1. If packing is taken as the average number of other Cβ atoms within 10 Å across a peptide's residues, how do 150-156, 190-196 rank, most packed first?
2. For a quick check: with amide H placed at 1.01 Å from N, whose amide H comes under 5 Å from residue 105's, ignoring anything fewer than 5 positions away on the same chain?
3. Residues with amide H under 5 Å of residue 4's amide H, sequence separation 5 or more or different chain, H placed in the peptide plane at 1.01 Å from N; which?
4. So who's got an amide H within less than 5 Å of the one on residue 192, skipping anything under 5 residues away but keeping other chains? H placed 1.01 Å off N, in plane.
5. Below 30 Å, Cα to Cα, which lysines can residue 189 reach? Residues fewer than 8 away in the same chain don't count.
6. Pairs of alpha-carbon atoms within less than 8 angstrom and 6+ residues apart define the contacts here; what relative contact order does segment 4-106 have, in percent?
7. Based solely on its DSSP helices, what 222 nm [θ] is calculated for the chain when runs of n ≥ 4 H residues each add -39,500 (n - 2.57) and the sum is averaged over all residues, nearest 500 deg cm²/dmol?
8. May I ask you to list the lysines whose Cα is less than 21 Å away from that of residue 63, ignoring any residue fewer than eight positions away on the same chain?
Amino acid sequence: MTIDVQLVRHYNRTVLPGNNHTYNGRRIVGADMFRVDMTLIVPAAPDEVRAQFEKSLLPEHVKPGEPYGLILMSSQLFDCMYLTTPTLVEAYRDKPIQLPQGIVYGGWPNAHGGPMEGLLPETTWFPNGVGILDEIEGIDGAKVAIYEYTVDKAQTYNHRAEPVGELANMVTYHCDRCHRPAPFDLREKIENRGPNERYIAALDARNHARGTDGHCTVPDGKMEQVVSRVASEMHGCTIELPAPASTCAAEEGCAQVREARAATMLLARA
Ligand SMILES: [Zn+2]
Ligand SMILES: [Zn+2]
């Protein structure tokens, strides 16, 4: 099936600074502001993707033999979908000023495991896929930043791999108390395909900030002392290894957050 998809022109230049999210426990359930990222028209012809999509709708919203119009909206960390008609989608494409009448559904149809997974363009919140999505308070006044960043494709899951010169969009969080996740904590670094991945990174960040993942421990430098002592004995002189906090500041999470913060400031000024 060919879904008629249109990204809103310059969609990711609207970054909604100061946006507020609503929480229910650790889950995000809403936001004060949304932007429109793309519009879709799902054709009427019977098809596997269409059939799967219809399964995700309430029975009273299923319209056999009629095309569907969809408007996909997102905030920094949340997303929702407007179900409407192709005529109203066309009108919005002509004049993207006011949202037409529609029914709000939570979540985009291309989320992981969704009916349109892999069929829609990938999106980022920030124009270059680099910026701060949110900052929350962690244990003992720690700051936990949720941010988008880019990394060489080859280094997505192996930070020591030979670069291939092509960038991948990623999303993760960073805690300035324990400097986690570390470069090898791969489960916490997510390929950033759209709002669904940003949402998951925010969930991980909140688990960390509340201490529910049990990972927020301040590095004690003991590991470095052992390595440094062994290395010193081998070389016959004293070798000092950098503490985790200082490598992080130089090249890992802290450095990425600094870069993301700079990119966000630039946009706020534009
Ligand atoms: Zn921490
Ligand atoms: Zn750090």
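No lab work stands behind these numbers, since they all come straight from the coordinates. Note that the coordinates shown come from a computational prediction; the quantities given were computed from them, not determined experimentally. Glycine also receives a Cβ, built like all others from the backbone with ideal geometry; neighbour counts cover every protein chain displayed.
1. My ranking of the peptides, most packed first, is 190-196, 150-156.
2. 81, 82, 83
3. When sequence neighbours closer than 5 places are left aside, the close amide H contacts are 41.
4. Amide H to amide H, under 5 Å and 5 or more residues apart or across chains, residue 192 pairs with 169, 170, 171.
5. Residue 189 reaches 143, 153, 222.
6. Details: 166 pairs, mean separation 24.8, N = 103.
Reported relative contact order: 24 percent.
7. Details: 6 runs with 71 residues, N = 270.
After summing the helix terms and dividing by residue count, I get -8000 deg cm²/dmol.
8. 55
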